[in-house]
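J.: Pasting a structure below so you can have a look.
All of the numbers you see were taken from the coordinates with simple rules; none came from a lab. Predicted, not measured: the structure shown is a model, and the values here were computed from it. Don't worry about glycine lacking a Cβ; one is built from the backbone with ideal geometry, like all the others, and counts go over all protein chains shown.
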Amino acid sequence: MTWLTDFWRSSIGGKVTMAVTGVLLFGFVVAHLLGNLLLLAGPDAINSYAKWLHDKGPLLWVARIGLIAIFLLHIVTAIRLSRANKVARPVAYAKEATMQASMASRSMLWSGLSLLVFVVYHLLHFTFGVTNAEHFAKKAAPSTAAWNGHDVHAMVVASFQVPVIAIAYAAFQLVLFLHLLHGLQSFAQTLGVHHARYTPMIKKLSVLLAAAIAGGNVLLALSVLLGLVKGAA
Ligand code: HEM
């Protein structure tokens, strides 16, 4: 196993770890958004999707533990790389391009840590029902419930009807947008895509993908806040 830790500790190994874990987390964020968009299709759609996930039992737990491991590896590697960069370059950059790259990676660290705060709050809110327990406690009829009477649709709608919650969720999407944007661009760099023709295309594609994901999440929060999605009567 030492070759694996040696690889992880190397500069290229750290970059590869960031790229692989980043792509997996990106896949999760896309899948999560696609599932959550079922909110727009009504209580039956999102609750039966949540039930389908929940019915996977041990498999769901394997996926959750895998997700946590990937998330932790992404964060720990980011902190290690950022420390190594600081140690390697205690004096300021002379070239503006290198300085910009350094600022982008520093902003990645801060946006990433802000996202960590968001995810912790989000889990306390929707997965553990600690914050706003009254939303988590909403019950549906057995025919439409996700599991044990749990009503995901009613929980999300009741939450985003609270302006401060909906606006906070929407505001965090700007951080998610910036993080995904830089993440996708540095992923392309790690793959070694450096070409006068492809680099502008990759930049545009990164903006499009990051905006679609952050925009999709904003759409969910605001469509409830603006009354376009309502709870069951
Ligand atoms: C408007 C946007 C969002 C909505 C409506 C939403 C909704 C939900 C709900 C209802 C759950 C609970 C699922 C369950 O316990 O079975 C959940 C879990 C989760 N969400 Fe979100 N989410 C949103 C955005 C995000 C974003 C942007 C991220 C990550 C950056 C994220 C990460 C997670 C994670 C890691 C879990 C735990 C998954 C699990 O328990 O298996 N969510 N979300």
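J.: Once you list every other residue whose beta carbon is under 13 Å from the beta carbon of residue 51, what net charge do they have if Lys and Arg are +1 and Asp and Glu are -1?
T.: On the way: positive: 56; negative: 44, 55, 151.
It works out to a net charge of -2.
J.: Run the dipole for the chain about the Cα centre, Lys and Arg Cβ at +1, Asp and Glu Cβ at -1, nothing else charged, and hand back the magnitude in debye, nearest 20. Before the final figure, lay out each step's value.
T.: Working: 17 positive and 6 negative charges, 146 e Å.
The calculation lands at about 700 debye.
J.: For region 66-76, in order, what is each residue's ³J(HN,Hα) by Karplus, 6.51 cos²θ - 1.76 cosθ + 1.60 with θ = phi - 60°, in whole Hz (x at glycine and Pro)?
T.: Going residue by residue, I get x, 4, 4, 4, 5, 4, 5, 4, 4, 5, 4 Hz, with x marking Gly and Pro.
J.: Name the residue from 206, 42, 8 whose Cα lies farthest towards the positive end of the charge dipole of the chain, charges +1 on Cβ of Lys and Arg and -1 on Cβ of Asp and Glu.
T.: Working it through, the farthest residue towards the positive pole turns out to be 8.
J.: Take the Cα atoms of the chain, build their convex hull, and give its volume per residue in Å³.
T.: On the way: hull volume 35.0 nm³, N = 233.
Residue-normalised Cα hull volume stands at 150 Å³.
J.: Rounded to whole Å, give me the distance from the Cα center of region 180-233 to that of region 119-168.
T.: Comparing the Cα centres of region 180-233 and region 119-168, I get a distance of 25 Å.
J.: What does the highest-first list of 161-169, 61-69 look like by mean Cβ count within 10 Å?
T.: Going from most to least packed, we get 161-169, 61-69.
J.: Could you give the angle, 0 to 90 degrees to the nearest 10, between helix 163-190's Cα long axis and the longest principal axis of the Cα atoms of the chain?
T.: 40 degrees
J.: Here is a further query. Take the Cα coordinates of region 1-50, assign each an equal point scatterer, and use the Debye formula without solvent to give log10 I(q)/I(0) at q = 0.20, 0.25, 0.26, 0.30 Å⁻¹.
T.: -0.69, -0.86, -0.89, -0.98
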